[in-house]
Each structure stands twice: as structure tokens, then as C-alpha cells.
Amino acid sequence: MPKKYLTISTPTESVRFAPDKIVYILADGNYSEFYQADRNKNVLVLQLGKVEEEIDLQLGAEASTFIRIGKSYIINRNYVYHIKVQKKELVLSDMATFSYTLSPSKEALRSLKEHIDQMDKEENP
């Protein structure tokens, strides 16, 4: 089976990502910043909502790997390492070569924690 890619196109460029290498996507106004496991970062002129639509459209069932948290982030749940609700910190890491620390709202983190806990229960009954 060929490896599936996520292709994000804007009027001026097109970038093909391996979904499992995307750690998180950050909204910055009309821009979306893609942070990857190899520490590369791509910035595209595309709102985060449009990126979310492309993920759902192109990845099908694999889209559930990506979770929108708050207004500013889409994260790859496979890299969730530590959720600190009270400190408003989310650490995304492969536990070997990189670590990213994000600062979503407490509400967004609480919701993420509940979502991750529920998914873990369903996958590991």
C-alpha cells in the first residue's frame, strides 16, 4: 500500500507532508505554521480552519490522529507526551529526538485530556 500524503496547496505553492511527521500546526492569523518531527517548519498562507478541512478531506480515517485544540492548534495525538492543565502546558515529543512545549488555554487542555483519556480507553479496554 503506498504511503499516504497530505498535500496543502495555496495559490502560490503546494507542500506534501507525511502525516506521521507533522507534530503540530499553529495558527498565526491567515498563516499556518507546520512543525515537523525532523524540526523543519513550513509556513503557508492558509487559515487553520482550511487546513483542518484538508486533513479531514484527504486523510479519511487517519484524520482522527489530528485534534484541533482551541483556536490556535491542530496537534498529532501520537506525539502527546505530557498535559499540564494547571500550568497551561502541552508537551509534544517522540521521547527521543525532539520536544515542543505549547501553551493552549486551560479549557483547551482539559478538553484534550478528556479526549485522549477516552480514546485510550476505547483502544485499550
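The values are calculated or read from the model by the stated rules, or taken from the named source; none is laboratory data. Here the structure is a predicted model, which is why all the values come from computation and not from measurement. Every residue, glycine as well, gets a Cβ built from its backbone with ideal geometry; the counts of neighbours run over all protein chains shown. Quick note on the areas: whole protein, heavy atoms, side chains included, nothing else; ligands and nucleic acids left out. Shrake-Rupley method; radii C 1.70, N 1.55, O 1.52, S 1.80 Å.
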Problem set entry | Total residues in segment 10-26, condition in a strand (DSSP E or B) and either open to solvent by less than 20 Å² (accessible area, probe 1.4 Å) or within 12 Å of residue 38 (Cα to Cα) (or both) | 5
Seminar exercise, completed: Taking segment 113-125 and keeping only residues that are loosely packed, with under 12 Cβ neighbours inside 10 Å and either touching a strand residue (DSSP E or B) at 6+ places or on another chain (Cβ under 7 Å) or of a type in the set (D, E, K, R) (or both), one is left with 114, 117, 120, 121, 122, 123
Exercise. So which pairs qualify, if the first residue must be in segment 94-112 and open to solvent by 80 Å² or more (accessible area, probe 1.4 Å), the second must be outside any strand (DSSP E or B), the Cβ gap must be under 7 Å, and the two must be at least 6 apart or on different chains?
Worked result: 103/88; 110/85
For this session: Would you mind telling me which numbered condition in (1) within 14 Å of the chain's Cα centre (by Cα); (2) at pLDDT below 95 residue 124 fails?
Result: (1)
Exercise. Restricting to segment 79-89, what's the tally of residues that are touching a strand residue (DSSP E or B) at 6+ places or on another chain (Cβ under 9 Å) and in contact (Cβ under 8 Å) with a residue 24 or more places away in the chain?
Worked result: 4
Exercise. Any idea how many residues of segment 1-30 are in contact with a Leu (Cβ under 7 Å, 6 or more places away or on another chain), under 18 Å from residue 104 (Cβ atoms) and not β-branched (Val, Ile, Thr)?
Worked result: 2
Problem set entry | Every residue from segment 40-83 that is charged (D, E, K, R) and open to solvent by 80 Å² or more (accessible area, probe 1.4 Å) | 41, 50, 53, 56, 62, 68, 71
